[in-house]
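*Asks:* Structure in structure tokens, see below.
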Amino acid sequence: VRRWVVHVTTDQSEHASLSKRALLQESNKLCSFFGNDVLSFFLPQILAFLNERKDWELRLALLEHLVVVCQNIGRAATEEYVWPCVEIGLVDANERVAHGALFCLSKLVELGLVSSRPVLMQTLKYGVLLLHPSPDIRDAAIDTFVIICDCMGAPDCDVYVIPQLRPF
């Protein structure tokens, strides 16, 4: 199975995207199969999909299925390895990918997989998404910041989040 995963994830042929997206759809089963090797083997293989600059659908599929993988690797690994990749998605040129990154971030915060104050505070630099021309991205950004405030609690939200978002 390892060789098959490596073959699929490193395939650069013209139609490789379809098999990579199919692999992502089965990420929960693959995480169960790989067990403790998810962090050292499976996660690095799929995070490389963010490098597919010409294939926004693959980048979006990764962000849609990343939460399942994060549930298997836990909070510490999610904050260290996955959060920087979600940040890349937040500034993606394709609006659908940016929207997917916001949705992924919302789910990670909601599930407690991104909950440390320093990481949550880093998200505030994306307050500019509240002014994005796309109403879908603006709405997703609002939803994300509401979830972050819920996670942090009212006093911390009033002290840390609201002042950062006030300019927007």
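The values are calculated or read from the model by the stated rules, or taken from the named source; none is laboratory data. Note that the structure is a prediction, hence the values are computed from the model and not measured. Positions of Cβ are generated from backbone atoms using ideal geometry, with glycine treated the same way; all protein chains shown enter the neighbour counts. Ligands, DNA and RNA are stripped out before the accessible areas are found, and what is left, the full protein with its side chains, is counted by its heavy atoms. Shrake-Rupley method; radii C 1.70, N 1.55, O 1.52, S 1.80 Å.
*Asks:* Identify which of the listed values of log10 I(q)/I(0) by the Debye sum over Cα atoms at q = 0.08, 0.09, 0.18, 0.19 Å⁻¹ was calculated from the structure shown: (1) -0.25, -0.31, -1.09, -1.18; (2) -0.35, -0.44, -1.20, -1.25; (3) -0.24, -0.30, -1.20, -1.30.
*Replies:* For log10 I(q)/I(0) by the Debye sum over Cα atoms at q = 0.08, 0.09, 0.18, 0.19 Å⁻¹, the calculated option is (1).
*Asks:* LYS54 to CYS151: FRET efficiency via 1/(1 + (r/R0)^6), r the Cβ-Cβ distance, R0 35 Å, to the nearest 0.05?
*Replies:* Values: r = 35 Å, r/R0 = 1.01.
Step by step, r from the Cβ atoms, then E = 0.50.
*Asks:* What list of ³J(HN,Hα) values in whole Hz, one per residue of the stretch 37-45 in order, does the Karplus curve 6.51 cos²θ - 1.76 cosθ + 1.60 (θ = phi - 60°) give from phi, with Gly and Pro shown as x?
*Replies:* Values per residue, Gly and Pro as x: 8, 4, 5, 8, 10, 6, 4, x, 5 Hz.
*Asks:* Over the stretch 86-168, what number does the Rg to Rh ratio reach, with both radii from the alpha-carbon atoms and Rh per Kirkwood?
*Replies:* That ratio equals 0.94.
*Asks:* For every other residue with a beta carbon closer than 13 angstrom to the beta carbon of ARG53, add +1 if it is Lys or Arg and -1 if Asp or Glu, then tell me the sum.
*Replies:* -2
*Asks:* If you plug each phi of the stretch 79-93 into the Karplus form 6.51 cos²θ - 1.76 cosθ + 1.60 with θ = phi - 60°, what whole-Hz ³J(HN,Hα) values come out, in order, with x for Gly and Pro?
*Replies:* Here the 3J(HN,Hα) series is 5, 7, 9, 8, 3, x, 6, 5, 4, 4, x, 5, 10, 5, 5 Hz.
*Asks:* What relative contact order, as a whole-number percentage, does the chain give when Cα pairs under 8 Å and 6 or more residues apart are counted?
*Replies:* It comes to 17 percent, rounded to a whole number.
*Asks:* Can I ask one more? In the chain, with Lys and Arg counted as +1 and Asp and Glu as -1 at Cβ, which of these residues, ILE148, LEU43, VAL97, has the Cα nearest the positive end of the dipole, that is, farthest along it?
*Replies:* Highest projection toward the positive end goes to LEU43.
*Asks:* Another question about this same structure. Compute the long axis of helix 16-25 from its Cα atoms, compare it with the longest principal axis of the Cα atoms of the chain, and write down the angle in degrees, 0 to 90, nearest 10.
*Replies:* It works out to around 60 degrees.
*Asks:* A further question on this structure: Over the stretch 21-91, what is the mean sequence separation of C-alpha contacts under 8 Å (at least six apart), divided by residue count, expressed as relative contact order in percent?
*Replies:* Relative contact order, the stretch 21-91: 37 percent.
*Asks:* Under 23 Å Cα-Cα from LYS125, which lysines qualify once same-chain neighbours fewer than 8 residues away are excluded?
*Replies:* LYS107
*Asks:* Computing the accessible area with a 1.4 Å probe over protein heavy atoms, can you report the carbon and sulfur percentage for the chain?
*Replies:* That fraction is 54 percent.
*Asks:* Can you return the aspartates and glutamates within cross-link range of LYS29? Criterion is Cα-Cα under 20 Å, with same-chain partners fewer than 8 residues away left out.
*Replies:* Filter leaves ASP37, GLU64.
*Asks:* Spelling out what I want: for every residue of the stretch 153-158, take phi, set θ = phi - 60°, compute 6.51 cos²θ - 1.76 cosθ + 1.60 (Karplus), and round to whole Hz; glycine and proline get x.
*Replies:* For the stretch 153-158, the Karplus-derived couplings read x, 4, x, 5, 4, 5 Hz, x marking Gly and Pro.
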